[in-house]
1. Quick test for you: out of 234, 221, pick the one residue that is of a type in the set (A, V, I, L, M, F, W, C) and surrounded by 22 or more Cβ atoms within 10 Å (Cβ to Cβ).
2. Considering (1) in contact with a Ser or Thr (Cβ under 8 Å, 6 or more places away or on another chain); (2) at pLDDT 95 or above, say which one residue 281 fails and leave the rest.
3. Got a number for residues in the stretch 300-315 being closer than 30 Å to residue 204 by Cβ and either within 16 Å of ligand 1 (Cβ to nearest atom) or in a helix (DSSP H, G or I) (or both)?
4. Just give me the residues in the stretch 196-250 being hydrophobic (A, V, I, L, M, F, W, C), more than 16 Å from ligand 1 (Cβ to nearest atom) and not in a loop (DSSP other than H, G, I, E, B), in sequence order.
5. Can you tell me which residues in the stretch 146-176 are assigned to a loop (DSSP other than H, G, I, E, B), away from ligand 1 (no atom under 14 Å from the Cβ) and in contact (Cβ under 8 Å) with a residue 12 or more places away in the chain?
6. So which residues in the stretch 237-257 are buried (at least 23 other Cβ atoms within 10 Å of the Cβ) and either among the acidic types (Asp, Glu) or touching an Asp or Glu at 6+ places or on another chain (Cβ under 6 Å) (or both)?
7. When the stretch 61-97 is examined, which residues are found to be among the hydrophobic types (A, V, I, L, M, F, W, C), within 19 Å of residue 293 (Cα to Cα), within 16 Å of ligand 2 (Cβ to nearest atom) and in contact with a Ser or Thr (Cβ under 7 Å, 6 or more places away or on another chain)?
Amino acid sequence: MANISSTALARSAELYDRVKRVIPPPEWAIFAEDVDAILELKRSRNAVVLAHNYQTPEIFHGVADIVGDSLLLAREATKVDADIIVLAGVHFMAETAKLLNPEKTVLIPDLAAGCSLADSITAQDVRLMRQRYPGVPVVTYVNTSTAVKAEADICCTSGNARKVVESLGAERVIMLPDEYLAQNIAAQTDVKIIAWKGHCEVHELFTASDVRQLRENHPDVTILAHPECPPEVVAEADFSGSTAAMSDFVGQKRPPRVVLLTECSMSDNVAVLHPDVEFIRPCNLCPHMKRITLKNIRHALETGRHEVTIDPAIAVSARRAVERMLAI
Ligand code: 13P
Ligand code: SF4
């Protein structure tokens, strides 16, 4: 405890009051100094922190200026009035922010914060799909590299996938790379979906038998599943939607007990907002999201590392696919 600044603790007391339900006092004592330093660095560098819903509560509630799902982060990135954006999330989210803000500095605190979906497909794979299905439009999930987005007609997120697919007015659509998201959207639309074999390493672990077990153990529980979960899990859940849609559902319906079949920090972050709701686990950790910490956010602001850059040869086409999505 010798290095912990009592000034930082005192300054962050109000903030701590918000998160005390999910962060024990000894942990906050460790976080307070970095929180304090980050708040000051943001002011002095004219920087903002955009944080995804899967970031840990000390980041999400402690230092973020804008929080949300992938769709909201992409939308808000277009409105940011700061010189520097620190993206507390994974690499594809930082690339999307950079695509939409070519003139701003976009930093990702750990370059290795990847995504199993983004890693499941290359630009060459998309070109081969186009050859195999000539004339069929390509929708890529935002959880892809810029090179893959550059091959797409339009992007989507879990929050707007059905709308995007139906906006194309086509009988068939290629939807890449998440097989389960594609199958879950196919169940809601008449458009025929051609999928890829990518999976989210976090959501693919949930099973229908997990859902049944939860209902047996907690008969009054409301079960929410992210659409990256396998279709049989989504079919047995009470609701499925993006991380923001799950959070909104809890806020509006206030179920007494809830399970979020998604990444672990999501429950902590939503629990802070709704102390009257009991959150039951299981959940699964995303190792990529967890690479982002207060320490490396602070380091990013202090040193300007790691700056996200985009190959100009692919930026224009990739930006078009993202902007087309945002226009819907
Ligand atoms: P959302 O767009 O629902 O926030 O999902 C992003 C993600 O990576 C889920 O695993
Ligand atoms: Fe990618 Fe899954 Fe992690 Fe989301 S939770 S960033 S889809 S690996």
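1. Values: 221 fails: surrounded by 22 or more Cβ atoms within 10 Å (Cβ to Cβ).
When all the criteria are applied, what remains is 234.
2. (2)
3. Residues in the stretch 300-315 being closer than 30 Å to residue 204 by Cβ and either within 16 Å of ligand 1 (Cβ to nearest atom) or in a helix (DSSP H, G or I) (or both): 1 in total.
4. Listed by number, the residues that qualify are 208, 211, 214, 223, 235.
5. 150, 151, 152, 153, 168, 170, 171
6. Residues satisfying the conditions are 242, 243.
7. Listed by number, the residues that qualify are 92, 93.
Listed here are the residues, each with its yes/no results for (1) outside any loop (DSSP other than H, G, I, E, B); (2) within 16 Å of the chain's Cα centre (by Cα); (3) without any contact (Cβ under 8 Å) to a residue 60 or more places away in the chain.
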position: 252; (1), (2), (3): yes, no, yes
position: 259; (1), (2), (3): yes, no, yes
position: 269; (1), (2), (3): yes, yes, no
position: 276; (1), (2), (3): no, no, yes
position: 298; (1), (2), (3): yes, no, no
position: 317; (1), (2), (3): yes, no, no
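The values are calculated or read from the model by the stated rules, or taken from the named source; none is laboratory data. Fair warning: this is a prediction, and the values are worked out from it, not measured in the lab. Cβ atoms come from the backbone with ideal geometry, glycine included; neighbour counts cover every protein chain shown.
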